[in-house]
Amino acid sequence: MTGRQPEPVSGKVSDRTSENILLEVTDLTVRLSSGVPAVDRVSFRIRRGECLALVGESGCGKTLTALSLLHSVPVEVGESRAASLKLAGREISNPPGSELREIRGGRISMIFQDPRAALDPLFTVGDQMVETLRSHLPLSRSRAVQQALSALEEAGIAECRRVFRSYPHQLSGGQCQRATIALALSTGPELLIADEPTTALDVTVQRQILDLLIGLGRKKGLAVLLITHNLSVVAQLADRVLIMYAGQIVESAQLEEIFSGALHPYTRALLDCLPALDQPPAEPASIPGTVPQPGEWPSGCRFRPRCAFAAPGCEKEQALEAFGRESGRLARCWRSAGIDFTGSGGGAP
Amino acid sequence: MSADSKPLVECRGLVKTFRLPALAAGPGSREFRAVDGLSLAVYPGETLALVGESGCGKSTTGRLLLRLEKPSAGTVTFEGRDLAALSAARLRTQRSRMQMIFQDPYGSLNPRLTVGAALAEPLRIHWRLSGKSLRERIAGLLENVGLRPEHARRYPHEFSGGQRQRIAIARAVSVNPGFVVADEPVSSLDISIQGQILKLLIELKKSLGMAMLFISHDLAVVRQISDRVAVMYRGRLVELAPAGELFSRPLHPYTRLLLSCVLAPRPGRKGAPPDIRSPEATGYRGFGCSFAGRCPLEIAACTRETPELRELYPDHYAACLVAGGKPLPDISR
């Protein structure tokens, strides 16, 4: 979120100072209520002030991963379990109710794809903000109103008083998303989880919301976990990227590395699927087969049935291995180092 | 598009107004003009993309062209026949020539019907097929869209989103329509699957010689599939041009704004977007340019005169008083 800093973000110094790590997730697993795993031993870290993108297609487990951080996977959906979940060094994998309330919406906030669904239609935006603020901070009503208004203003809402008094249905989609961002940031969280924050919005509004997130993130030194399927949005916002496929992280890299030299064939193929307006028009590209849903994962490398580079050896379970000297450069493909991606896209021939 | 070919589908002065519930309307008018005097022609075998943001009236236009909605004013003709003048029975026959593919492949298939039964319905009604010929046609259709004949016995829930969209496409093309309206057919699909469905649509369009109205908000996708592009803003056409022309020389400031907002799929932050005021900040009064108030090129006349589509370059139309008159300043930064 803070952009490329002068000292390398991936450098060993910042990596090893534990106070720089805001959130550390170790072996997070989510099982659906049917017993089928949907997230499979996912581990990652988020540094203070950085924007980490978690990228994947439907059913890959990215949203369940995010909800697990807040212990908010609905019981009827499934159950999450992590070997360790540390927020600023403190174990929160099994927090008492009072601490969980402080974390949820306090230290970690979340915004969603559909801002209208995230707001209660029966209460004005202002009522919801004041209630949230007062449940997290010791504020008088009038102080909370003031703080809510300034949060709305900070979120780029010019007529903050009108929006404060409005019900969600009286606002446009873009205004609603600005209001949910204001609501999420009003309690001063350290981490914002943004789940497809611009997917439901028009392109002109998408640009504005992205600019808002970039600006607010920088200003507040906020860490952002961006959950999305859209690599163009990732390219605008993220510092570091995790690519998920079938419940596993298959690649982890700095933003530029993903776009200039992705290691996993899935990442390559996904990039090739994106049409670009500033390139000559090309035939639509795709990846053969279907996106596997939980319960349909193949054995061994889970991308193998769709992969243009599948070879004997891919039927073995793949480990997430480090590549190069940089820390945090990981790929789950034993062939990564040896594949020549030039010429073939790695997706559909 | 050859100038002498006759339009397959044509609408003139199309208007659709919806009455708003009292609460939603607020202090202003209780009527909402979703489509506001739209004239457009689709030629045989072409893919015309209709692009615009949510609420611009593009889906309503698609539904009006198929007469799934009745226009408040204006006419729609199909192969020269006025659809409003057809009897209910004649209209039903006509429907086999015009089909629709919807955005949501989960909502557009009946969950209680097997795929075979869903595909059989239009074939029974329009082609009166039954028995072996029906089964053969269904098997052939499934193969044409990249599925297998035995899939006919399965139910929609057994398929992925992309496969369901294939089934919906098979159903739409089953009766060899001359015209298909595809309303955001890939928007709800995964990125890795979208290309498969676009390719399928391109192939089918070629092999069946259909014309297609491709409704989308995604300009990058539109460029891959369309022959011509129509840009809609607030119920009106603001620009209409061959695809290559529109993407290389967009004329209307709104089109230029849309294009400048498309994110490139690679790092490198875009600067601040051009001066975009939110649409809700500018109430449209029913005359003048509907983009006035958001437009960086606005001149005084824009709030008085309603711009009509003018042919500024061959086959390239724009509804703007300023565009085409002089070189436009670069607003995309």
query: Given the residues A:L270, A:L320, A:L274, which is the only one that is more than 14 Å from every other protein chain (Cβ to nearest Cβ) and closer than 19 Å to A:A53 by Cβ?
result: A:L320
field: Sole exception among (1) in contact with a strand residue (DSSP E or B) (Cβ under 6 Å, 6 or more places away or on another chain); (2) at pLDDT 95 or above; (3) buried (at least 19 other Cβ atoms within 10 Å of the Cβ) for A:M1, by number
entry: (2)
task: Within segment B:194-213, track down each residue that is among the small types (G, A, S) and more than 7 Å from every other protein chain (Cβ to nearest Cβ).
output: B:S207, B:G209, B:A211
- request: Using the structure shown, decide if B:R67 is at positive phi and surrounded by fewer than 22 Cβ atoms within 10 Å (Cβ to Cβ).
  value: yes
query: Which is farther than 28 Å from A:P305 by Cα, surrounded by 23 or more Cβ atoms within 10 Å (Cβ to Cβ) and more than 12 Å from chain B (Cβ to nearest Cβ), of A:A238, A:A223?
result: A:A223
message: For segment B:120-166, give me the residue count where each residue is among the basic types (K, R), away from every other protein chain (no Cβ under 14 Å) and crowded, with 18+ Cβ neighbours inside 10 Å.
response: 0
task: Inspect all residues belonging to segment A:264-271 and state whether any of them is over 24 Å from A:G61 (Cα atoms) and among the polar types (S, T, N, Q).
output: no
Index of the failed condition, A:V291 passing every other in (1) within 9 Å of chain B (Cβ to nearest Cβ); (2) out of contact with any Asp or Glu (no Cβ under 6 Å at 6 or more places or on another chain): (2)
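Yes/no matrix, rows are residues, columns are (1) more than 21 Å from A:H169 (Cα to Cα); (2) of a type in the set (V, I, T):
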| site | (1), (2) |
| --- | --- |
| A:S80 | yes, no |
| A:A83 | yes, no |
| A:S98 | yes, no |
| A:A117 | no, no |
| A:P121 | no, no |
| A:V125 | no, yes |
| A:T132 | no, yes |
- prompt: Got a number for residues in segment B:234-266 being surrounded by 23 or more Cβ atoms within 10 Å (Cβ to Cβ), of a type outside the set (A, V, I, L, M) and either at the interface with chain A (Cβ under 9 Å from one of its Cβ atoms) or within 16 Å of B:G62 (Cβ to Cβ) (or both)?
  reply: 3
message: Name the single residue that is surrounded by the fewest Cβ atoms within 10 Å (Cβ to Cβ) among those in segment A:200-220 being touching a Ser or Thr at 6+ places or on another chain (Cβ under 8 Å) and more than 10 Å from chain B (Cβ to nearest Cβ).
response: A:R218
query: Only one of (1) outside the structural domain of A:E57 (by TED's automatic domain parsing); (2) more than 18 Å from A:F112 (Cα to Cα); (3) of a type outside the set (K, R); (4) part of a helix (DSSP H, G or I) fails for A:P138. Which number is that?
result: (4)
message: Being more than 9 Å from every other protein chain (Cβ to nearest Cβ), in contact with a helix residue (DSSP H, G or I) (Cβ under 7 Å, 6 or more places away or on another chain) and crowded, with 17+ Cβ neighbours inside 10 Å is the requirement here; does A:C314 meet it?
response: yes
- prompt: Here are B:L113, B:L109: which of them is out of contact with any His (no Cβ under 7 Å at 6 or more places or on another chain) and either surrounded by 15 or more Cβ atoms within 10 Å (Cβ to Cβ) or assigned to a strand (DSSP E or B) (or both)?
  reply: B:L109
- line: Restricting segment B:33-58 to residues that are touching an Asp or Glu at 6+ places or on another chain (Cβ under 7 Å) and within 14 Å of chain A (Cβ to nearest Cβ), the one surrounded by the fewest Cβ atoms within 10 Å (Cβ to Cβ) turns out to be B:S54
message: Among (1) away from chain A (no Cβ under 14 Å); (2) farther than 23 Å from B:L8 by Cβ, there is one condition B:I191 misses while meeting the rest; what is its number?
response: (1)
message: For the condition surrounded by fewer than 18 Cβ atoms within 10 Å (Cβ to Cβ), modelled with pLDDT of 95 or more and not β-branched (V, I, T), what is the one hit in A:D40, A:D27?
response: A:D27
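The values are calculated or read from the model by the stated rules, or taken from the named source; none is laboratory data. Just so we're clear, the structure is a prediction, and the values are computed from it rather than from any experiment. Don't worry about glycine lacking a Cβ; one is built from the backbone with ideal geometry, like all the others, and counts go over all protein chains shown.
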